[in-house]
1. Quick check on B:I395: is it of a type in the set (A, V, I, L, M, F, W, C), modelled with pLDDT under 95 and open to solvent by less than 30 Å² (accessible area, probe 1.4 Å)?
2. Kindly evaluate A:A243 against the criterion of being open to solvent by less than 30 Å² (accessible area, probe 1.4 Å), within 27 Å of A:D145 (Cα to Cα) and away from chain B (no Cβ under 11 Å).
3. A:T35: surrounded by fewer than 15 Cβ atoms within 10 Å (Cβ to Cβ) and either under 30 Å from B:T99 (Cβ atoms) or within 14 Å of chain B (Cβ to nearest Cβ) (or both), yes or no?
4. For the stretch B:1-55, which fully contained strands (runs of 3 or more DSSP E) count at least 3 residues that are in contact (Cβ under 8 Å) with a residue 12 or more places away in the chain and out of contact with any helix residue (DSSP H, G or I) (no Cβ under 7 Å at 6 or more places or on another chain)?
5. Any residue at all in the stretch B:497-508 that is more than 14 Å from every other protein chain (Cβ to nearest Cβ), within 22 Å of A:Y165 (Cβ to Cβ), out of contact with any Lys or Arg (no Cβ under 7 Å at 6 or more places or on another chain) and in a loop (DSSP other than H, G, I, E, B)?
6. If only one of B:D462, B:D513, B:D487, B:D531 is among the acidic types (D, E), on the phi > 0 side of the Ramachandran plot and either crowded, with 17+ Cβ neighbours inside 10 Å or at pLDDT below 95 (or both), which one is it?
7. Return the only residue of B:Q459, B:Q484, B:Q471 being within 14 Å of chain A (Cβ to nearest Cβ), part of a strand (DSSP E or B) and free of Cβ contacts under 8 Å to residues at least 60 places away in the same chain.
8. Tell me the strands (runs of 3 or more DSSP E) entirely within the stretch A:63-182 that contain at least 3 residues that are modelled with pLDDT under 95 and open to solvent by 20 Å² or more (accessible area, probe 1.4 Å).
Amino acid sequence: MISLRVTPQGQTDQIIGNLRRNSAQLSKFQEQVTTGKRLLRPSDGPSDTALVRASKSEDQRLEAQLNNIRDALTTLQTSEDGLLQVRDILTEASQTAITANDPTADSTAGTGSIVEVQNLIDRLFSVANQRLPDGRYLFSGTTTDQKPFDVTARDADGNPTVVTYQGSLDNVKTLVGRNQTVDTIRSGQGALEDAFKALIALRDDLSKPLSTTWTQSLRSQALGQRITQLDLATQDALAQLGAQGVDAQNLTAIRSRGEDIQTELRKYIDALESADLPQAIIGLQTQENMYQAGLAVAARINNLSLVDFLQ
Amino acid sequence: MVHFNTGITALQTSERALQVIGNNIANANTPGYHRQVARLTSTVPYQQAGLSIGTGVTLPDISRLRSRIVEDAITRQAYEAGDMEARLEGMRSVETQLTVGDSSAGDQLESLFNQFEQLSVRLNDRTLRNQTVSTGKGLADELNRLAGEFWQVAKDADRTITITVQNINDLSEQIATLNEEIQRVESRGIDAHDLRDQRDQRINDLATLINVDVTEEQNAGQSNVRVGGIPLVLGSRSIPLEVTLNPANPSQTVVVAKEMNVPVDATGGKLGGLLHFRNVALPDVQQRLDTFANQLIQAIDEVHATGIGTAGPLTQLTSRRTVSSATASLASAGLAYPPQAGSLFLGVTNLATGSRTLHEVAIAPTNSLQDVATAISGVPNVQAVVNTADGTLSISAAAGFGFDFAGGFDAPNTAGLTAATTTTPRMAGFPDRASNDTFTFTFTGTSGTIGETLGLMLQVTDQSGIVVATQNVGKGYVPGSALQVADGVSVALSSGTANVGDSFSTRMVSHSDTAGILTALGLNTFFVGNDASSIGINPDLLGNSERLATSRSGDVGDSSNVLRLAALRDTPLLFGGKQTLQEFFIETVTTVGSQVQDLTINQQTQELLGERLHAEQQSISGVDINEELTRLLQFQRMFQMAAEQIKVVNTTFDALFEIMR
């Protein structure tokens, strides 16, 4: 019988308690609707918060890596263009050597060939010492602030006779993934150095006047060796071009995969973090109705009293 | 004979009953009031003419309706709810601090690692380097802010504890006073219901503040209040509490019973919640934050210290972590990262020629800072001095020289090359072996010309004689190009000749600071400090991002050290090598979130339980106005009828007097 006895104070306490709870729920749904988010603080969902944070970290990391990949691809493209120019220079030099080696060629063509080869050397200098838009040398390895090729000896006419590589043997490594790097700026040692040696040697051989110690036959033999040397240098350049081409292809694949992963990751984050708006709006409306009903009941109950019926 | 007494007793009784009802109505909304009920009983009848004739009604007792079981349950619920609320409030403030906006410490940490990764693309980009240092500073500032905020939260908790203890003392005093008054009233045989209501209310108020155990002495009507056996109120005496520091652990706040100097086991109520938050929950978060900062600093500093900035070798350097005494052993000099027995390798570079040599300095934990200075000064062209005023070490290079701690290759030892070998070796790459080593390069196969002779080979062995690589350096090898050997090591041979049997060797230092002395003293480090409150960016880097140690060779485009820094993101540094820094931070945040969630649910449960118990209490002890009004009418009618009865009795007397006239 005691539990059936409800006093006005008891009713008031109950009404206040219910209004308070309704109000708290209202506030929660209101927050979800206005922010569009379900997880506003870790206590809203600790395990989901951990997933969201880890996923957002991964997303930011991917973004940084995709930026790196874009930069790396740009650098590799520029490097490829450079190497193609080197190939063209060497091919032209080879052609000049073949023409010069033709016994039926006009003797005046010899002078023209020397000038041609010197021009090719100058062009090779220009390509070998080219810089990226940010000022870094393209073929200097890790010493990107150091001009890679310089003339260390000249002949009496001021033409370069020895070109020395002054850069680093190590390639610049760019991070493009988890523990994954790609060589973007390579050392000029090897392919380019050989190209300079071959062109200078060709020019020197073409410049030497025929004599008893430098016969046509010896000249022809030497030019043949230069052609071989030029071919080897071309192969080195093409080998490097090929390696860089593979790197670029791999990077493009990594970038594509990275972008796909990023898209999925962002969808996942959105699914975890975002509020179900229709559900939140319905919840908000429901709580609002309950709140209004609570207020109406409070007004009605508090109006009932025996005093109203006493004469 | 008819007596007036019967009517008079009815008048008096109904009047008193009306007063009781009036008191109930007046206190219908008084917190802690228990309704009172007038218990009527008939007076002793008298016998006459074989009849027992009643003499009226009396009101011997006014009952106070109260359920001991429900009241005790309310008291228990009060201190459990108080405890939950205090803990929840505290943890919510911690949660808010940890997750402010998008620039929490976790976000800043991620940004820093992302900056390191991006630097590997554009090492020469000054803006990016400045941004990286700035991001590091942002992370340090955020950790400082958190440490400061939590320190403030602890101070605020202490203040609230002091106020709560004062409130407890006030309530204890009031209960003691009420005990005395109740005893005084009840010793005269009078019920002290209202005083008891006041006392019960004070006890419940006290229960919201501390976990009380209440016992009532039946005869004396006293309520004694204890907390874990320690008395707060004994009869008419209250024993005050005071706040002090735990002598065994001065970082903790404790509450003691003043007179007895005995700690009080406050495990409930607001005080219990505050003490738990202040002494357990908050320090746990602070400890985790300090552990995070400590490991972050150590990991990044160890890598940074053994790198070189784009500015190249250093010419002057001062340590950033001080010792308490220049002559005390480093193990007991107050260093946050004490060194261990090992070696430090200094690379000394002739800035004009670029020639670099490696020098080993042995370090022992028993060495003092002065010993270390003396040992470093033994390296040619380098000097180290101790600044006794501030416990720091300054290292400087002689004019025209620079120094670094990057390790790498020593200049090749060509003593094993004869005149028949004219090729010049050049080392490239950076050794990445489990321990420091020496490689010996021996020409094998057929003697001849580098790059031309078929069968000319180069065999590489480590210091234990194991062959690590054999490379072709004859026909097919391009002189001057780098040959991969092993573990990041490459070698290039210039044009020239090589004689089979000739050899050269080079010492390779992968780990240039096995003693950890650089981090211990803060030499060439990224951070200063050792915990969340003291972490900062090394002032050498601020405004001078060329000192950001991105390489190990000093080449502008060498990203080897920044790659090592970036790799720390995925390195499990915490929890016995099982958690990365970010995982640890996320766990810290989500653990706090879980605690807040659990406490919120518990608090809501306590709220519902409290409402239920109060509803139970109201059903027994609460005043229903309509009930009281009904009883009011009842006793009003009784009064009216009693007055009528007296009038009628008076009329009978008048009639009697008429007979006598």
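1. Numbers: of a type in the set (A, V, I, L, M, F, W, C): yes; modelled with pLDDT under 95: no; open to solvent by less than 30 Å² (accessible area, probe 1.4 Å): yes.
Spelling it out, it is not the case that B:I395 is of a type in the set (A, V, I, L, M, F, W, C), modelled with pLDDT under 95 and open to solvent by less than 30 Å² (accessible area, probe 1.4 Å).
2. Working: open to solvent by less than 30 Å² (accessible area, probe 1.4 Å): no; within 27 Å of A:D145 (Cα to Cα): yes; away from chain B (no Cβ under 11 Å): yes.
Criteria not met by A:A243.
3. Details: surrounded by fewer than 15 Cβ atoms within 10 Å (Cβ to Cβ): yes; either under 30 Å from B:T99 (Cβ atoms) or within 14 Å of chain B (Cβ to nearest Cβ) (or both): yes.
Against the criterion (surrounded by fewer than 15 Cβ atoms within 10 Å (Cβ to Cβ) and either under 30 Å from B:T99 (Cβ atoms) or within 14 Å of chain B (Cβ to nearest Cβ) (or both)), A:T35 qualifies.
4. Numbers: elements: B:36-42, B:46-48, B:51-53.
Output list reads B:36-42.
5. No, the stretch B:497-508 contains no residue that is more than 14 Å from every other protein chain (Cβ to nearest Cβ), within 22 Å of A:Y165 (Cβ to Cβ), out of contact with any Lys or Arg (no Cβ under 7 Å at 6 or more places or on another chain) and in a loop (DSSP other than H, G, I, E, B).
6. Values: B:D462 fails: on the phi > 0 side of the Ramachandran plot; B:D513 fails: on the phi > 0 side of the Ramachandran plot; B:D531 fails: on the phi > 0 side of the Ramachandran plot.
Exactly one residue qualifies, and that residue is B:D487.
7. Details: B:Q459 fails: within 14 Å of chain A (Cβ to nearest Cβ); B:Q471 fails: within 14 Å of chain A (Cβ to nearest Cβ).
Of B:Q459, B:Q484, B:Q471, the one residue that is within 14 Å of chain A (Cβ to nearest Cβ), part of a strand (DSSP E or B) and free of Cβ contacts under 8 Å to residues at least 60 places away in the same chain is B:Q484.
8. Numbers: elements: A:149-154, A:160-165, A:172-177.
So the answer is A:149-154, A:160-165.
The values are calculated or read from the model by the stated rules, or taken from the named source; none is laboratory data. If you're wondering where the values come from, they're calculated on a predicted model, not measured in any experiment. With ideal geometry, Cβ positions are generated from the backbone for all residues, glycine too; neighbour counts draw on all protein chains shown. Each accessible area value is taken on the protein alone, full model and side chains, heavy atoms only, with ligands, DNA and RNA left out. Shrake-Rupley method; radii C 1.70, N 1.55, O 1.52, S 1.80 Å.
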